[in-house]
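These notes are about the structure you will find just below.
Every read-out reported here was derived from the displayed coordinates using simple, explicitly stated rules and does not represent laboratory data. Here the structure is a predicted model, which is why all the values come from computation and not from measurement. With ideal geometry, Cβ positions are generated from the backbone for all residues, glycine too; neighbour counts draw on all protein chains shown.
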Amino acid sequence: MSRLRDKQTKFARMVPRLIDAAFVLGYEVTLGDCFRDARCSYGSNRSKHKERLAIDLNLFKDGVYLRKTKDHKKLGKFWESLGGVWGGRWNDGNHYEAGDDW
């Protein structure tokens, strides 16, 4: 396996833990961007989505869509505790990506 493939495998194994944690915290979750085609012009050229190393999660509480970065803070801290990078550190609260050292 290549280094990128190793990272993708670890990321794929960690995402279910993130989603499970969201439900434990009382949220409902739907998936946002999981992959962006590198040939498409949307998003940053450095986007981890283009490497299959990032996911955006949409959080809901009592049927209400939670749009603010602060709404993701507990989940973001959990993700960071696993070694991941949470987009809330740069005001992209629903963004969760592989850790730099993965």
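Some notes on this structure:
- From helices alone, the chain scores -10000 deg cm²/dmol at 222 nm; the rule is -39500 (n - 2.57) for each run of n ≥ 4 DSSP H residues, then divide by the residue total.
- With the convex hull drawn over the C-alpha atoms of the chain, the volume per residue is 97 Å³.
- Whichever lysines have a C-alpha closer than 22 Å to that of residue 61, once near sequence neighbours (fewer than 8 apart) are set aside: 70, 73, 74, 77
- Extension gain for residue 60-residue 80 works out to 5.1 nm (0.36 nm per residue, less the C-alpha to C-alpha distance).
- Distance in nm between pseudo-label sites at residue 101 and residue 28 (7 Å out along the Cβ direction from Cα): 3.8 nm
- Helix 3-24 vs. the chain, principal-axis angle (Cα, 0 to 90°, nearest 10): 10 degrees
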